[in-house]
1. Consider V162 against the criteria (1) touching a residue at least 60 places away in the same chain (Cβ under 8 Å); (2) part of a strand (DSSP E or B): it satisfies all of them except one. Which criterion is unmet?
2. When the range 90-100 is examined, which residues are found to be crowded, with 24+ Cβ neighbours inside 10 Å and outside any strand (DSSP E or B)?
3. Looking only at the range 43-89, count every residue that is touching a residue at least 12 places away in the same chain (Cβ under 8 Å), under 17 Å from Y22 (Cα atoms) and outside any loop (DSSP other than H, G, I, E, B) and tell me the total.
4. When the range 171-181 is examined, which residues are found to be open to solvent by less than 70 Å² (accessible area, probe 1.4 Å) and either under 18 Å from I91 (Cβ atoms) or in a strand (DSSP E or B) (or both)?
5. Of all the residues that make up the range 6-50, how many are open to solvent by 90 Å² or more (accessible area, probe 1.4 Å), of a type in the set (D, E, K, R) and under 19 Å from the mean Cα position of the chain (by Cα)?
6. Before we move on, is V121 farther than 20 Å from K176 by Cα, touching a Leu at 6+ places or on another chain (Cβ under 6 Å) and buried (at least 17 other Cβ atoms within 10 Å of the Cβ)?
7. Which of the following residues is touching a Gly at 6+ places or on another chain (Cβ under 9 Å) and surrounded by fewer than 20 Cβ atoms within 10 Å (Cβ to Cβ): A150, A161, A168, A127?
Amino acid sequence: MEETRIDITKQTSEQQVIAAHYAQLVHRFNQSLPFSDEWWSLQREIFKGHIGENSRIMSPITVVRPNAVSIGKRVVVMNGCLMMSAGTITIDDDARIAANVQLISNNHDPYNRDIITCRPVRICKGAWIGAGSTVLPGVTVGKYAIVGAASVVTKDVPDYAVAVGNPARVIKYLDKNRFEE
């Protein structure tokens, strides 16, 4: 998976305005009454055109570059989620993201902190990320896979696998025949 790099000292004024706009939208979302018309409207505006039907993102959230996040249908993201999405984050249909999960698609260059290194994060169809887990740059969590609570995912998790720990390791596989497609 190819890494992209962003020099944050060279952001254009337009990029800075966009970042400020999204930061303000996220702040308003986090201050609005859950399930109110304003809350739903702000959720749609934050993830403009990149959030599927019947998906729900619970506040509060922290999301940097929400225009680089794509959320499928019937996704639930619980309270306290952090999305660092400079490298893109894709959450496919029917995924579940528990409380206080961190989805991190970018990091700093170890020698020049003004350079952001980016690799995409993907949460595949029906995957479930347990509370307090962290998914690091370049990781794909496979179809219907489960990441146990408080796990740190540093490598891809295969389809139907259950991975736990720090670093997360596969401990078993689910019976794929028990899932309805």
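1. If we test V162 against (1) touching a residue at least 60 places away in the same chain (Cβ under 8 Å); (2) part of a strand (DSSP E or B), just (1) comes out false.
2. A95
3. Of the residues in that region, 20 qualify.
4. Hit for the range 171-181 is F179, nothing else.
5. Number of matching residues: 2.
6. Answer is yes for this residue.
7. Among A150, A161, A168, A127, only A150 is touching a Gly at 6+ places or on another chain (Cβ under 9 Å) and surrounded by fewer than 20 Cβ atoms within 10 Å (Cβ to Cβ).
Residues checked against (1) assigned to a strand (DSSP E or B); (2) farther than 23 Å from S55 by Cα; (3) without any contact (Cβ under 8 Å) to a residue 60 or more places away in the chain; (4) not aliphatic (A, V, I, L, M):
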position	(1), (2), (3), (4)
Y111	no, yes, yes, yes
R122	yes, no, yes, yes
G138	no, yes, no, yes
Y144	no, no, yes, yes
A150	no, yes, yes, no
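The values are calculated or read from the model by the stated rules, or taken from the named source; none is laboratory data. All of these numbers come straight from a predicted model, not from anything done at the bench. For neighbour counting, all protein chains shown are included, and Cβ atoms are generated from backbone atoms with ideal geometry for every residue, glycine included. Protein only, heavy atoms only, side chains kept; ligands, DNA and RNA dropped before computing areas. Shrake-Rupley method; radii C 1.70, N 1.55, O 1.52, S 1.80 Å.
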